[in-house]
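This report refers to the structure that appears directly beneath it.
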Amino acid sequence: MLAEATDENARRSIETRIAQIPYPETMPLYSDLRVDATGNLWVGRYAPPGHVGPRQWAVLGTDGSQIGTATFPSGFQVHEIGKEAVLGVMTDHDTRIETVQVRRLRTM
């Protein structure tokens, strides 16, 4: 919101409105759960509305142990997770145009 301020008065007005928004005492740690093609559980860390930045996922094996992590760019929403790739929709922050993307998984 601040980036869209046209001058210093607009910026102060926006800052005042933001300061008046009640901030929650607690927030969830995770917000998304997905199961991949092999039965692993993918747990997406919570990102508050308007969050801009990469999104972190923990990957848990069928025994509950963490077997990996994944990071996707801001604007990418996971829809399906296969053995070798993730299918999702990327929303451009500026234009709001959505594109379907397949992102290959790699092991390290």
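The values are calculated or read from the model by the stated rules, or taken from the named source; none is laboratory data. Keep in mind that this is a model prediction, so the values were computed, not measured. Glycine gets a Cβ as well: all are built from the backbone with ideal geometry, and neighbour counts include every protein chain shown. To get the accessible areas, we keep the full protein, side chains included, count just its heavy atoms, and leave off ligands, DNA and RNA. Shrake-Rupley method; radii C 1.70, N 1.55, O 1.52, S 1.80 Å.
Would you mind checking the tilt of helix 8-20 against the longest principal axis of the Cα atoms of the chain, expressed as 0 to 90 degrees and rounded to 10?
Helix 8-20 and the main axis of the chain meet at about 60 degrees.
Do any trypsin sites (Lys or Arg not before Pro) in the range 1-84 lie in a loop, going by DSSP, with at most 12 other beta-carbon atoms within 10 Å of their beta carbon, and if so which?
Within the range 1-84, the qualifying trypsin sites (Lys or Arg not before Pro) (loop, at most 12 other Cβ atoms within 10 Å) are 83.
How large is the accessible surface per residue of the chain, computed with a 1.4 Å probe and reported in Å² as a whole number?
76
Between the DSSP loop rule and a limit of at most 16 other Cβ atoms within 10 Å, which GluC sites (Glu not before Pro) in the range 51-106 are left?
84
Over the chain, what percent of the accessible surface lies on carbon and sulfur atoms, probe 1.4 Å?
52
What's the local net charge at residue 93, with K and R +1, D and E -1, over the other residues with C-beta under 15 Å away?
Neighbour charge sum, excluding residue 93 itself: -2.
For every other residue with a beta carbon closer than 15 angstrom to the beta carbon of residue 40, add +1 if it is Lys or Arg and -1 if Asp or Glu, then tell me the sum.
Details: positive: 34, 83; negative: 32, 36, 63, 80, 84.
That sum, taken over residues with Cβ under 15 Å, equals -3.
In nm², what is the average projected area of the convex hull enclosing the Cα atoms of the chain?
Computing the convex hull of the Cα atoms and averaging its projections yields 8.9 nm².
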